[in-house]
Amino acid sequence: MTDAATQRPVGGPDLPQERRLVTEIPGPESVRRFERRGQHVATGVSTTLPVFVEAAGGGVLVDADGNSLIDLASGIAVTGVGNSAPEVTARVVEQAQAFTHTCFMVTPYDGYVDVCEKLAELTPGDFDKRSALLNSGAEAVENAVKIARVHTGRDAVAVFDHAYHGRTNLTMAMTAKNMPYKQGFGPFANEVYRAPMSYPFREPAPLSGEQAADRAIDVLDKQVGARNLACVVIEPILGEGGFVVPADGFLPRLREWTAEHGIVFVADEIQSGFCRTGDWFACDHEGVVPDLITTAKGIAGGLPLAAVTGRAEIMNSVHVGGLGGTYGGNPVACAAALGSIEAMTKQDLPARARRIGEIVSGRLTAIAEKHPSIGDIRGRGAMMAAEIVGADGLTPDPVRAGSVSAFCHAHGVVTLTCGTYGNVLRFLPPLVMPEHLLTEAFDVVAEAFDATA
Ligand SMILES: Cc1ncc(COP(=O)(O)O)c(C=O)c1O
């Protein structure tokens, strides 16, 4: 759709909510623009699906050739409220017209404080909290570690197998997977130690959540020493590592152990937070209350904003001037976050995420009955995945996962893969996606499995 006066494309929820293919994917105009991209953009910056987007909203992306694609990615779990959600754009425009930047550390403004107040209300834990706002998820994780180190006076950081925490030097050290995130980029920050994760599908023998936590605790206790640990940083549901949901009891047991030893428990909810899993935060499902929580992605409807939120006494242990950055908590990004939180509350998006979860798991289960290449279906709410395996039911099959995904792309459905072995299809629709579109998207996913069998 184009605006009659400006002739510019208009996105948002009023875009026709349909899959419409008028050319091959990518179409000729996208191909032309992609060639130009190659002349100017560094090759290290990758592209999953080379269509150039002109407008997006609800559950669709419209490309430069006029194709309308169903979005099962949300820009990697960002646009939960939908692209150009009215609550977001209204506040962004209003804020951009008032002022765009002062630097909160130079002269403050209400939007920043309002976001921190909302974070205190919404994040798990009924205690006095403080927040610091930043630009990216990686920056939030780095700051959580800085805060935990100052608070405890200890250096060591515990992370888990299959973890993903970002691409800065410290967060690369915390991220598990080498290719493509770490290869050639070392040396990495030290004092980062990795413990085994609970990965129910890949345990050699059934292991309860408590047993899996004790296995991790044993490694940390023996190899690092609890008294040297500043923090344990964990994604309550693994994101890039494969949407692994740890066995019930794993997170509560770890939480208990960290509390016993004065270790700061940091939940990295950058991908799983803000309604995605059917609750405001993934920790809420098991009533786990972290000391610090890192958020980004879904918080601001597409604008770059991230936060560390947590117990006031931990957050406030850092000296004045120790936290911040030029753009952290930019006023336009804060306005977007306030609009996005308003949309999540007004539309009860946790409930929408639960409904999406029911539909997606139902569809995946039906596909798996025909296709044993789906070894595991997992996730919560609108953060669902299928792990693709070979004939033995276990060997990762990234080639098949890639072919299914490529078929979906060619047929107008934007899908993503993930996982340490690259064999996990993950589904992250905008939480506002209409049901008919979700159903149509999974018709295509089903066809993709048939076509690539
Ligand atoms: C769990 C988790 N932590 C941290 C990050 C890094 O966030 P960003 O890409 O905004 O730096 C991501 C990004 O995918 C993530 O999923």
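Only the coordinates and a few stated rules stand behind these numbers; no lab work does. All figures in this text were calculated on a predicted structure; none of them were measured in a lab. Backbone-built Cβ (ideal geometry, glycine too); neighbour counts: all protein chains shown.
Given Cβ point charges of +1 (Lys, Arg) and -1 (Asp, Glu) and nothing else, what value in debye, to the nearest 20, does the dipole of the range 160-249 about its Cα centre take? Display every interim value, and only then the final one.
On the way: 8 positive and 10 negative charges, 79 e Å.
Using Cβ point charges on Lys, Arg, Asp and Glu, the range 160-249 gives about 380 debye.
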Cα-centred dipole magnitude for the range 19-79, charges only on beta-carbon of K, R (+1) and D, E (-1), debye, nearest 20 = 80
Reciprocal mean inverse distance between Cα atoms of the chain - Kirkwood radius, Å = 22.5
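Direction-averaged shadow area of the convex hull around the Cα atoms of the range 1-61, nm²?
In nm², the orientation-averaged hull projection of the range 1-61 is 5.3.
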Global size of the range 150-201 as Cα Rg and Dmax, reported in angstrom = 11.9, 37
Net charge, VAL264 excluded, C-beta distance under 10 Å - Lys, Arg +1, Asp, Glu -1 = +2
Which value, in Å to one decimal place, does the Kirkwood hydrodynamic radius take for the range 39-108 when every pair of different Cα atoms is included?
-> 14.9
3J(HN,Hα) from dihedral phi, the range 299-314, Karplus parametrisation 6.51/-1.76/1.60, rounded to Hz, x for glycine, proline = 4, 10, x, x, 8, x, 8, 8, 8, 10, 10, x, 3, 4, 5, 7
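Could you check how many percent of all C-alpha pairs in the range 365-453 are farther apart than 16 Å?
Values: 1950 of 3916 pairs.
Every Cα pair in the range 365-453 considered, those over 16 Å come to 50 percent.
Hey, what number do you get for the chain at 222 nm if only DSSP H runs of n ≥ 4 count, each worth -39500 (n - 2.57), divided across all residues, to the nearest 500? Numbers along the way, then the final one.
Values: 13 runs with 164 residues, N = 453.
When only DSSP H runs of four or more count, the value is -11500 deg cm²/dmol.
Just how many % of Cα pairs in the range 238-377 lie over 23 Å apart, if you round to the nearest whole percent? Kindly include the intermediate steps, with their values, before the conclusion.
Numbers: 4640 of 9730 pairs.
Percent of Cα pairs beyond 23 Å in the range 238-377: 48.
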Sequence neighbours fewer than 8 away in the same chain don't count; with that in mind, list the lysines whose C-alpha is under 23 Å from LYS129.
-> LYS118, LYS146, LYS297
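Between beta-carbons, use under 14 Å as the cut-off and find the net charge around ALA77, counting Lys and Arg +1, Asp and Glu -1. Write out the running numbers ahead of the final one.
Numbers: positive: ARG276, LYS297, ARG380, ARG426; negative: ASP71, GLU235, GLU240, ASP268, GLU269.
Every neighbour counted, the sum reads -1.
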Kindly write out, for the range 253-261 in residue order, the coupling ³J(HN,Hα) from the Karplus curve 6.51 cos²θ - 1.76 cosθ + 1.60 (θ = phi - 60°), rounded to whole Hz, with x marking Gly and Pro.
-> 5, 5, 4, 4, 5, 5, 5, 4, 10
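Please list the three semi-axes, largest first and in whole Å, of the ellipsoid equivalent to the range 177-312, using sqrt of 5 times the eigenvalues of its alpha carbon gyration tensor.
Working: eigenvalues 102, 73, 60 Å².
Semi-axes from the Cα gyration tensor: 23, 19, 17 Å.
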Amide H contacts under 5 Å for CYS231, placed H, 5+ residues apart = ALA158, VAL264
Alpha-carbon Rg with Dmax, taken over the range 289-346, Å | 12.9, 38
Karplus-derived 3J(HN,Hα), 6.51/-1.76/1.60, for each residue of the range 340-355, Hz, glycine and proline x | 5, 5, 4, 5, 4, 6, 4, 9, 6, 5, x, 5, 4, 5, 5, 5
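Among HIS165, HIS411, which comes first, then next, by fewest other beta-carbon atoms within 10 Å? Kindly include the intermediate steps, with their values, before the conclusion.
On the way: HIS165 33, HIS411 19.
Neighbour counts put them in this order, fewest first: HIS411, HIS165.
Taking the Cα centre as origin and putting +1 on Lys and Arg beta-carbons and -1 on Asp and Glu beta-carbons, what dipole magnitude results for the chain, to the nearest 20 debye? Could you put the intermediate results ahead of the total?
Working: 37 positive and 53 negative charges, 180 e Å.
The calculated dipole for the chain is roughly 860 debye.
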With both partners inside the chain, how many of the DSSP beta bridges are antiparallel, as a percent to the nearest 5?
-> 65
Would you kindly calculate the translational diffusion coefficient of the range 142-248, applying Stokes-Einstein with the Kirkwood radius from alpha carbon pairs, for 10 °C and a viscosity of 1.306 mPa s, and quote it in µm² s⁻¹ without decimals?
-> 110
